[in-house]
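The values are calculated or read from the model by the stated rules, or taken from the named source; none is laboratory data. As the structure is a prediction and not an experimental result, all values here were calculated from the model. Cβ coordinates were reconstructed from backbone atoms using ideal geometry, including for glycine residues, and neighbour counts include every protein chain displayed. Just the protein is used for accessible areas: all its heavy atoms, side chains included, with ligands, DNA and RNA removed. Shrake-Rupley method; radii C 1.70, N 1.55, O 1.52, S 1.80 Å.
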Amino acid sequence: MDNRHLRKLFQFTDDDLFANRNGRLSENQKKRRAEQARAEQKSARESAVILFVIAAGGLAFGLTIGLNAPAPWIRTLFLILLGLIWPLAWGGRGVRILRSARSLNEDHLQSVRGRVRIIRQSDPDGGAEYILQVGDEQFDVDGNPTGVLSDEDECIVYYLKETEEILSVELV
């Protein structure tokens, strides 16, 4: 198979492949990853702000009801549920989102070598989604890889561990 088709399907250059073979990212890949990480972190910050507002709203509501409720057991219930548990749950989700976005900056280049298996899955819109399985790893593929790779081809896939993003592929 012509490597030109592999480069086009997985959007990499010869320089990218050379750098990946040597265990590093190319300058192009570093630049692209930095842009993706910035966009992901911006989205994570926006999501976290929404979750923090939900946490604060629950806390305010719980404190208002809890401090003004006539019965002591109602005060206690609202203070525990909305004054303690609600903010911890929603705020904790916000913190987790921020931490996971921060971990995207830590690029860990991995490679897997093995026989290819192409898995076709139907999506709800009547189209198809493709999964490329190489060894024990599975990767979502944008586009149809069947014209470029065949089941039982042997290849090496260079990818990022955190996102499972394919950086480059070569047939062996």
Review point. Relative to the longest principal Cα axis of the chain, at what angle does helix 27-68 sit, 0 to 90 degrees, rounded to 10?
Key: 20 degrees
Exercise for review: For the stretch 103-146 and the stretch 37-99, write down the distance between their C-alpha centroids in whole Å.
Suggested key: 37 Å
**Study point:** Farthest toward positive dipole pole in the stretch 62-158 [+1 Lys/Arg, -1 Asp/Glu at C-beta], among SER103, ILE80, THR146
**Key:** ILE80
Practice item. Quote the relative contact order of the chain in percent (integer), defining contacts as alpha-carbon pairs under 8 Å separated by 6+ residues. Key: 26 percent
Exercise for review: Send over a whole-number figure in Å² for the accessible area per residue of the stretch 95-146, probe 1.4 Å.
Suggested key: 68 Å²
Check your understanding: Which of (i) 15.7; (ii) 17.8; (iii) 19.4 is the computed Kirkwood radius over Cα pairs in Å for the structure on display?
Key -> (iii)
Practice item. Report, in degrees rounded to the nearest 10, the 0 to 90 angle that the Cα long axis of helix 86-103 makes with the longest principal axis of the chain. Key: 20 degrees
Exercise for review: Take the stretch 45-136, drop everything but the C-alpha atoms, weight them equally and run the Debye formula without solvent; then report log10 I(q)/I(0) at 0.24 Å⁻¹ to two decimals.
Suggested key: -1.03
Review point. At a 1.4 Å probe radius, carbon and sulfur cover how many percent of the accessible area of the stretch 1-156?
Key: 53 percent
**Study point:** Value of [θ]222 nm, deg cm²/dmol, for the chain, DSSP H segments ≥ 4, -39500 (n - 2.57) each, nearest 500
**Key:** -16500 deg cm²/dmol
